[in-house]
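This report concerns only the one structure given below.
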Amino acid sequence: MIGMHFTSAGDFDSIPAEVTHIRLWDVGVHWGAIHTAVDTYDWTLLDSLVDKAAGRHLTYVIAGCPRWLAKYPDQAHFAPWLGAGSNSMPYSIDEANKFAWQLATRYAGRID
């Protein structure tokens with residue numbers, strides 16, 4: 001078993017054959033990049049990366065609350081690559097749960 005941490009989506013174009021485990025992080029597929037508004041999702045990049053990594057064990061980290069969903073959108077000390085509000089709790093747990101459900105059903109059997 002060899003795991004690898006990619007720092008750009010372009011890294012997925014040439015995944016070494018011996019890599020069996022990949023964590024999907026730092027490649028533009030955090031929660032806020034996908035869940036762009038109420039009931040609105042952009043799965044384009046994540047779909048592509050999951051397809052390119054087919055047959056490997058993938059771990060997806062749900063992090064980076066979307067700013068529009070952040071209870072405290074102007075909270076200080078957010079990670080610059082995730083954007084303002086990313087370190088806040090969501091104002092609606094129901095909306096957060098929708099994302100988790102959409103993610104789990106869309107990638108069932110493809111993301112561990």
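Full extension of the chain segment joining T59 with Y91 gains 8.9 nm, where the gain is 0.36 nm per residue of separation less the Cα-Cα distance.
Bins of 5 Å, beginning at zero and ending with the bin holding the largest distance: percent of Cα pairs per bin for region 43-112, please. The calculated distribution, bin by bin, is 3, 16, 22, 19, 17, 14, 7, 2, 0. Averaging Cα coordinates gives a centre for region 28-54 and one for region 57-112; these two points are 11 Å apart. Across the chain, Cα pairs under 8 Å and at least six residues apart give a relative contact order of 23 percent. Using Cα-only point scatterers and the Debye equation, what is log10 of I(q)/I(0) for region 1-85 at each q in 0.13, 0.25 Å⁻¹, rounded to two decimals? For the requested q values the scattering log ratios are -0.46, -1.20.
FYI, it's all coordinate maths here, none of it is from the lab. Just so it is clear, the model here is predicted, and its values are computed rather than measured.
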